[in-house]
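Asks: Quick one: structure below, then a few questions.
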Amino acid sequence: MGRKLKFNIFRYNPQDPDSVPHTDTFQLDETESMTLFIALTKIREEQDPSLQFDFCCRAGICGACAMMINGRPDLACKTLTNELPAEITLIPLPIFKLIGDLSVDSGTWFREMNEKVESWVHTSKTFDSKAEEERMDNALADEIYELERCVECGCCVAACGTANMRKDFVGAVAMNRIARFMMDPRDQRTESEYFEVIGTDEGIFGCMGLLGCEDVCPKHLPLQDQLGILRRKMGWSAIKHLFRIK
Ligand code: SF4
Ligand code: SF4
Ligand code: FES
């Protein structure tokens with residue numbers, strides 16, 4: 001016989017002036033290969049149609065379903081209930097604006113972050129649709145692709161001590177973006193231009209290096225390596241700037 005699961009779920013609708021933050025408890029019979037997506041959908045269909053949570057792909061690709069699962073940020077669609085104890089507490093990710101219950105607006109945070117660190121290829125070349133494509137070395141393309149696997153779920157941001165204390169901190173996800181553009185030969189930014197966007201307390205020098213980000217990243221991105229490389233590069237840039245070394 002399957003387990004009886006007990007869900008403690010954070011409830012609050014900021015759009016409703018009568019709503020107050022509280023926890024609702026739901027009981028559910030566990031089924032084989034049950035994910036939190038299946039469990040939450042069953043609760044919504046059978047017990048409380050007003051329960052809010054986000055899902056799109058159900059395959060760990062869109063990043064929409066991240067939430068705090070027994071205190072740890074993770075993707076709900078990829079989390080099997082049989083990996084968890086029978087009592088499961090779900091709360092929304094911190095830092096991002098709450099839409100309601102378990103649903104947060106991570107899109108606005110990510111758009112602002114991407115604008116702040118200028119997360120696009122900077123080139124003076126004008127695009128010529130008739131020109132032959134420029135080939136990139138396969139090994140380099142693979143290295144860039146490795147960092148491009150980020151699904152912008154926000155788990156690393158939610159787990160980050162600095163991001164929880166400081167609204168202006170761009171997080172490991174932004175550092176990962178910058179590391180990706182630094183590798184890309186099409187991006188013509190100089191080291192001091194990168195320093196302008198990331199060589200600050202809002203960027204790499206605000207990072208405490210405790211690596212909660214890498215521990216929780218559901219895509220297992222090498223955030224530790226990228227943070228280390230950026231810290232060395234930006235530290236060296238700061239020294240060159242200070243002593244006017246070319
Ligand atoms: S290592 Fe830096 S970015 Fe990662 S969680 Fe810690 S403070 Fe945040
Ligand atoms: S780096 Fe990992 S944890 Fe952070 S947003 Fe991307 S996929 Fe999510
Ligand atoms: S629903 Fe897309 S990552 Fe979970």
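Asks: Which residues make up the longest stretch of the chain clear of GluC sites (Glu not before Pro) that lie in a DSSP loop with no more than 11 other Cβ atoms within 10 Å, not counting the sites?
Replies: Counting at most 11 other Cβ atoms within 10 Å as exposed, the longest clean stretch of the chain is 135-246.
Asks: So what's the gap between the Cα centers of the range 76-129 and the range 210-246, to the nearest angstrom?
Replies: If you average the Cα positions of each part, the centres end up 21 Å apart.
Asks: Could you work out which residue, out of Asp29, Asp16, Asp142, moves most in a Gaussian network model of the chain, that is, has the largest mean-square fluctuation with Cα springs under 10 Å?
Replies: Judging by the Gaussian network model, the answer is Asp16.
Asks: Per residue, how much accessible surface does the chain expose to a 1.4 Å probe? Answer in Å², no decimals.
Replies: Value returned for the chain: 57 Å² of accessible area per residue.
Asks: With charges set only on the Cβ (+1 for Lys and Arg, -1 for Asp and Glu), what does the dipole of the range 98-177 come to about its Cα centre, in debye to the nearest 20?
Replies: The dipole of the range 98-177 has a size of about 360 debye.
Asks: Determine one quarter of the surface area of the Cα convex hull of the range 142-246, which equals its mean projected area, and express it in nm² to one decimal.
Replies: If you wrap the Cα atoms of the range 142-246 in a convex hull and average its projections, you get 6.7 nm².
Asks: Kindly sort Ile95, Ile61, Ile198 by accessible area of their heavy atoms, largest first, with the probe set to 1.4 Å.
Replies: Reading off the accessible areas and sorting them downward yields Ile61, Ile95, Ile198.
Asks: Beyond 21 Å, how much of the Cα-Cα pair distribution for the chain remains, as a whole percent?
Replies: Working: 18968 of 30135 pairs.
Considering the chain, 63 percent of its Cα-Cα pairs are separated by more than 21 Å.
Asks: When the accessible area of the range 195-246 is split by element with a 1.4 Å probe, what percent falls to carbon and sulfur?
Replies: On the range 195-246, the fraction of accessible area on carbon and sulfur atoms equals 56 percent.
Asks: I've got another one for you. How long is the range 184-227 along each principal axis, judged by its Cα atoms, biggest number first, in Å?
Replies: Ordered largest first, the range 184-227 gives principal extents of 32, 25, 12 Å.
Asks: If the only charges are +1 at each Lys and Arg Cβ and -1 at each Asp and Glu Cβ, what is the size of the charge dipole of the chain around the Cα centre, to the nearest 20 debye?
Replies: In debye, rounded to 20, the chain gives about 660.
Asks: Classify the range 1-54: rounded, prolate or oblate, from the alpha-carbon gyration tensor (a ≥ b ≥ c, eigenvalue square roots; a/c under 1.5 rounded; otherwise prolate if a/b is larger than b/c)?
Replies: prolate
Asks: Please compute the net charge surrounding Ile178, taking Lys and Arg as +1 and Asp and Glu as -1 over other residues with Cβ under 14 Å from its Cβ. Don't skip to the answer; put the middle values down first.
Replies: Details: positive: Lys116, Arg177, Arg180, Arg189, Arg231, Arg232, Lys233; negative: Glu115, Glu118, Glu148, Asp184, Asp187, Glu191, Glu193, Glu196, Glu202, Asp225.
Neighbourhood net charge equals -3.
Asks: Run the helix sum for the chain: -39,500 (n - 2.57) per DSSP H stretch of 4+ residues, divided by residue count, reported at 222 nm to the nearest 500 deg cm²/dmol.
Replies: Counting only the DSSP helices, I get -10500 deg cm²/dmol.
Asks: Would you mind working out the magnitude of the charge dipole of the range 22-105 relative to its Cα centre, with +1 at each Lys and Arg C-beta and -1 at each Asp and Glu C-beta, to the nearest 20 Debye?
Replies: On the way: 6 positive and 13 negative charges, 73 e Å.
I would put it at about 340 debye.
Asks: Based on DSSP loop calls and a cut-off of at most 12 other Cβ atoms within 10 Å, the longest stretch of the chain free of exposed chymotrypsin sites (Phe, Trp or Tyr not before Pro) is what?
Replies: Working: sites that count: Trp120, Phe127, Phe243.
It runs 1-119.
Asks: Which of the pairs Lys125/Lys240; Lys6/Lys78; Lys78/Lys116; Lys6/Lys97; Lys116/Lys167; Lys4/Lys219 have their Cα atoms more than 21 Å apart in this structure?
Replies: Lys125/Lys240; Lys78/Lys116; Lys6/Lys97; Lys4/Lys219
The values are calculated or read from the model by the stated rules, or taken from the named source; none is laboratory data. Since the structure is predicted, the reported quantities are computational estimates derived from the model, not experimental observations. No Cβ is skipped: glycine too gets one built from the backbone with ideal geometry, and neighbour counts run over all protein chains shown. Each accessible area value is taken on the protein alone, full model and side chains, heavy atoms only, with ligands, DNA and RNA left out. Shrake-Rupley method; radii C 1.70, N 1.55, O 1.52, S 1.80 Å.
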